[in-house]
1. As an exercise: evaluate Thr70 against (1) within 16 Å of the ligand (Cβ to nearest atom); (2) surrounded by 14 or more Cβ atoms within 10 Å (Cβ to Cβ) and give the number of the one condition it does not meet.
2. Checking Asp88 against (1) more than 14 Å from the ligand (Cβ to nearest atom); (2) over 20 Å from Pro116 (Cα atoms); (3) among the charged types (D, E, K, R), which single condition isn't satisfied?
3. Can you name every residue in the stretch 158-216 that is in a loop (DSSP other than H, G, I, E, B), within 15 Å of the ligand (Cβ to nearest atom) and in contact with a strand residue (DSSP E or B) (Cβ under 6 Å, 6 or more places away or on another chain)?
4. Just give me the residues in the stretch 7-26 being within 16 Å of the ligand (Cβ to nearest atom) and more than 20 Å from Gln176 (Cα to Cα), in sequence order.
5. Can you give me the number of residues within the stretch 133-157 that are under 19 Å from Pro116 (Cα atoms) and either out of contact with any helix residue (DSSP H, G or I) (no Cβ under 7 Å at 6 or more places or on another chain) or away from the ligand (no atom under 16 Å from the Cβ) (or both)?
6. Can you tell me which condition Ala32 does not meet? The list is (1) away from the ligand (no atom under 16 Å from the Cβ); (2) part of a loop (DSSP other than H, G, I, E, B); (3) buried (at least 21 other Cβ atoms within 10 Å of the Cβ), and all the others hold.
7. Restricting attention to the stretch 35-67, and to residues there that are over 19 Å from Val244 (Cβ atoms) and among the hydrophobic types (A, V, I, L, M, F, W, C), which single residue is surrounded by the most Cβ atoms within 10 Å (Cβ to Cβ)?
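The values are calculated or read from the model by the stated rules, or taken from the named source; none is laboratory data. Since the model is a prediction, treat every value here as computed from it, not as a measurement. Please note: Cβ atoms are built from the backbone with ideal geometry, for glycine as well, and neighbour counts cover all protein chains shown.
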Amino acid sequence: MFNLFRHKKNEAKLFYHTDVHCHILPGVDHGAQSLEDSLEMLRAEKEMGIERVILTSHVTASTFENTPETLLPAFELLKKAVAETDLDMELHVSAEYRIDEFWQEQYQAGNLIAMPGNYLLMENSFQQELLGLDETLFDLKCKGYNIMLAHPERYAYYAHRKQRLEQLHGMGIKFQINILSLAGYYGPQARETALWLVKNNQVDLLGSDMHNMEHAHVIKEYIGSKDWRKLVPSLQAHVINDLVH
Ligand SMILES: [Fe+2]
């Protein structure tokens, strides 16, 4: 089944080995639905040169109200399944935290699962920037967290307000850009903002944001392209994925 999608062998590899954003943990959001899905996606990551995967399932009010009680058992299950295969990968569990009322509750209750290096992947609302975003991010930084903003290029309200992106970056917020955005998967606007961020040296981390094998195929195809190869030197100079320890 898997091979049906592969017309020719594409051996392109990423220049870093840690994926900091993906939805590969099974059955907790709209990413991987089964252990089988998870293993197939992990194999795709490995083929692209990824050795360490930080599992960042959605934590979102009403749709995916994940907590350590839902994420940690799924993580144990996945680790066990991986150990029974020949896949040699380092796995970590964290989450993609949408800043909303559920997150506020979880934060107050001390229920956040940070990445190695005390990094948190934070997601903005897609409708509009939250009131008090700066205060929230500043508060997290004061508590000792390192903040990654998930795919800033995908929030349409920043596309024509790039000075706001510069301001957030200047506050020490790390920007995590999706390779899918560079590939044009979310449309021309997200790609244009992503390219602007590359040009302005504001891409700190890259992520697959992989939810399924379609995403894996698009990324694989894109990293074999000339377009990607042209961006690699400037990305390589700034991207710190492998320093998330
Ligand atoms: Fe995501």
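1. (1)
2. Of everything listed in (1) more than 14 Å from the ligand (Cβ to nearest atom); (2) over 20 Å from Pro116 (Cα atoms); (3) among the charged types (D, E, K, R), Asp88 misses just condition (2).
3. Ser208, Asp209
4. Pro26
5. 10
6. Unmet condition: (1).
7. Quick first cut of the stretch 35-67, residues over 19 Å from Val244 (Cβ atoms) only: 35-41, 43-44, 47, 58, 60-67.
Now drop any that are not among the hydrophobic types (A, V, I, L, M, F, W, C), which leaves 35, 39, 41, 44, 61, 64.
Details: Leu35: 16, Leu39: 19, Met41: 24, Ala44: 20, Ala61: 15, Phe64: 19.
The qualifying residue surrounded by the most Cβ atoms within 10 Å (Cβ to Cβ) is Met41.
Every residue, every condition in (1) out of contact with any Gly (no Cβ under 8 Å at 6 or more places or on another chain); (2) under 19 Å from Met148 (Cβ atoms); (3) buried (at least 19 other Cβ atoms within 10 Å of the Cβ), yes or no:
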| position | (1), (2), (3) |
| --- | --- |
| Gln167 | yes, yes, no |
| Met171 | yes, yes, no |
| Asn178 | no, yes, yes |
| Gly187 | yes, no, no |
| Leu197 | yes, yes, yes |
| Asn212 | no, no, no |
| Glu221 | yes, no, no |
| Gly224 | yes, no, no |
